[in-house]
Amino acid sequence: MRPWGWFSIAFCIVFYLSEKSIAQTTIQRCATTSYDSLLKAKNPVYRKSRERFEEILRQYQTSGRSSRISANTLTIPVVVHVVHNNQNGIIGGINNSNISDDQIHEQIRVLNEDYRKKENTNGFNTNPVGADVNIQFVLASADPNGMVTNGIIRTYSSKPGFNPESEEDRHVLATISGWPTDRYLNIWVTTLSGNTIGYAQFPDGTGLAGLDAENGYEDSDGVFIHYGAFGVGPYVSSSIYDLGRTTTHEIGHWLGLLHTWGDTYCGTDYIDDTPVAASANNSSSLNCVSVYSNCTGTQTRNMTENYMDYSPDLCMNIFTQGQKDRIWLTLDLSPRRKKLVEYVQTENQLPESDKLTIRNSYPNPLSHDNRNLRLEVLLKGTQDITVDILNRLGGIVKTSQYPQIASSNIGIDLTTMAQGIYLVRVRTANEEKATKVVVY
């Protein structure tokens, strides 16, 4: 974690990715401190805003004040910008930066397992301080103009790679493909240069009383991941960072978390229930061996299983209650994050339901002029669902898959349907509901 704050860009540098292997050359695994120093030297307003916001956050933490945001589960809409250099447009495959939809869906699944501490998954733990963060992620179902989308935007760029330490490159990516950062979590998946697999932009304090405006990083306020470390599957090209935890880690920074070792010897992350650590866990061992520090005069075990360390993906499984509290304070105090929460709560979010429910279907009947059916589907947490359209004979005439969605307003195009009565069936792994619609 970073004792100096969280308005800077967080870089997590790891070994160069190759097919199921990692180069043996030892390189710097985190460039945050040096890059942060550069930003502060170049931009005094940035430095003031960053330091002041961290101070305000710590005051809230030490006073015991909690977030004023509702403790209900927050569903964050995600847009994944796949910026690739594949001229033929082929999707998926070995060493292809134009990654598949399946790889993206798997990443969303991992995020929800990790941030919700889902039982019977790699994201579950039995540690008494382990927390369900009560945040879940879904691919956006509506674009900034309200049009139906799958939340995946693919764009070709002839540029062979993007340098994470170049402000220009970050803005180029955001210009190539970017949505409002106060309404969506933007994740750019591309080829990152400099042996980097992930970095993120910390929340800022722009707009807080006593702080000068600093909007220079608004367009690139999101998460950037090397395509070979995004998601899970046969084309993820690292043998130790292969379970989607790079994105879990970087979103932690985007939500205001710092590294567990404080980015300095025996540093602090300002979290009481993460043990003080002398340094990052740079081990590539998949045996998940314990690591110890002696920062307080007594030997203590590092929390190497924490998502904000550098352990192999297989060894990670915990956010703590203290980290959860900091995240929710961040969502309350950072103006841009708070605006995203307000947007989600007023525009997008439907309530959870313990049972699968079709709350509404409209318009019904559907006329010749408008055959775009909307379904309000309520469910528990995030799940994969399938929507089937059946004719009067029981035959399936259309099927749509929706991986890892929460309660949602789903759009279904029935333009090609003949006039008649249809059954709309919604299925999860364990439940099924149906409703009738009329097309004329």
Members of segment 296-317 that are buried (at least 18 other Cβ atoms within 10 Å of the Cβ) and either outside the structural domain of Val110 (by TED's automatic domain parsing) or free of Cβ contacts under 8 Å to residues at least 60 places away in the same chain (or both) = Asn302, Met303, Thr304, Asn306, Asp309, Ser311, Cys315
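So, of the residues in segment 274-295 that are among the hydroxyl-bearing types (Ser, Thr, Tyr) and at pLDDT below 90, which turns out to be farthest from Glu51 (Cα to Cα)? Write out each step before concluding.
So the first thing to find is which residues in segment 274-295 are among the hydroxyl-bearing types (Ser, Thr, Tyr), and the list is 274, 279, 283-285, 290, 292-293.
Right, trim to at pLDDT below 90 and you get 283-285.
Working: Ser283: 32, Ser284: 34, Ser285: 36 Å.
For segment 274-295, the residue satisfying everything is Ser285.
Residues being surrounded by fewer than 19 Cβ atoms within 10 Å (Cβ to Cβ) and either within 12 Å of Val83 (Cα to Cα) or of a type in the set (Phe, Trp, Tyr) (or both): count how many of those fall in segment 161-178.
Going through segment 161-178, the residues surrounded by fewer than 19 Cβ atoms within 10 Å (Cβ to Cβ) turn out to be 161, 163, 165-168, 171-172, 175-177.
From the residues that got through so far, the ones that are either within 12 Å of Val83 (Cα to Cα) or of a type in the set (Phe, Trp, Tyr) (or both) too are 161, 172, 175-177.
Residues that pass the stated criteria total 5.
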How many residues are at pLDDT below 90 and over 19 Å from Asn95 (Cβ atoms) if we restrict to segment 175-202?
-> 4
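For (1) assigned to a strand (DSSP E or B); (2) under 26 Å from Gly411 (Cβ atoms); (3) not β-branched (Val, Ile, Thr), each residue gets a yes or a no:
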residue	(1), (2), (3)
Val138	yes, yes, no
Ser158	no, no, yes
Arg170	no, no, yes
Pro180	no, yes, yes
Gly194	no, no, yes
Looking at (1) modelled with pLDDT of 90 or more; (2) under 30 Å from Gln349 (Cβ atoms); (3) not in a loop (DSSP other than H, G, I, E, B), which is the one condition that is false for Ile271?
-> (3)
Taking segment 94-119, which residues are modelled with pLDDT under 95 and touching a Phe, Trp or Tyr at 6+ places or on another chain (Cβ under 7 Å)?
-> Ile94
Counting just the residues of segment 16-63 that are of a type in the set (A, V, I, L, M, F, W, C) and either part of a helix (DSSP H, G or I) or modelled with pLDDT of 75 or more (or both), which one comes out nearest to Gln323 (Cα to Cα)?
-> Leu57
Of residues in segment 255-270 being of a type in the set (A, V, I, L, M, F, W, C) and surrounded by 24 or more Cβ atoms within 10 Å (Cβ to Cβ), the one farthest from the chain's Cα centre (by Cα) | Trp261
Of everything in segment 366-378 that's loosely packed, with under 14 Cβ neighbours inside 10 Å and either within 16 Å of Ile421 (Cα to Cα) or touching a Gly at 6+ places or on another chain (Cβ under 7 Å) (or both), which residue is modelled with the lowest pLDDT?
-> His368
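Search segment 107-161 for residues being of a type in the set (S, T, N, Q) and under 16 Å from the mean Cα position of the chain (by Cα), and hand back the single one that is nearest to Glu347 (Cα to Cα).
Pass one, segment 107-161, residues of a type in the set (S, T, N, Q): 107, 112, 120-122, 125-127, 134, 136, 141, 145, 149-150, 155, 157-158.
With under 16 Å from the mean Cα position of the chain (by Cα) added as a condition, the list becomes 107, 112, 134, 136, 141, 150.
Numbers: Gln107: 25, Asn112: 21, Asn134: 19, Gln136: 17, Ser141: 12, Asn150: 17 Å.
The selected residue is Ser141.
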Going through segment 273-332 one residue at a time, which ones are touching a Leu at 6+ places or on another chain (Cβ under 9 Å) and at positive phi?
-> Cys288
Is there any pair with a first residue in segment 339-351 that is farther than 11 Å from Glu376 by Cα and a second that is assigned to a helix (DSSP H, G or I) whose Cβ atoms are under 6 Å apart and which are 6 or more apart or on different chains, and what are they?
-> Val341/Leu331
Determine, yes or no, whether Glu250 is out of contact with any Pro (no Cβ under 7 Å at 6 or more places or on another chain) and in contact (Cβ under 8 Å) with a residue 40 or more places away in the chain.
-> yes
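Right, Gly146: surrounded by fewer than 18 Cβ atoms within 10 Å (Cβ to Cβ) and either assigned by TED's automatic domain parsing to the domain that holds Met308 or modelled with pLDDT under 95 (or both) or not?
Working: surrounded by fewer than 18 Cβ atoms within 10 Å (Cβ to Cβ): yes; either assigned by TED's automatic domain parsing to the domain that holds Met308 or modelled with pLDDT under 95 (or both): yes.
It is true that Gly146 is surrounded by fewer than 18 Cβ atoms within 10 Å (Cβ to Cβ) and either assigned by TED's automatic domain parsing to the domain that holds Met308 or modelled with pLDDT under 95 (or both).
The values are calculated or read from the model by the stated rules, or taken from the named source; none is laboratory data. None of these values were measured; they are calculated from a predicted model. Virtual Cβ from ideal backbone geometry, glycine too; neighbours counted across all protein chains shown.
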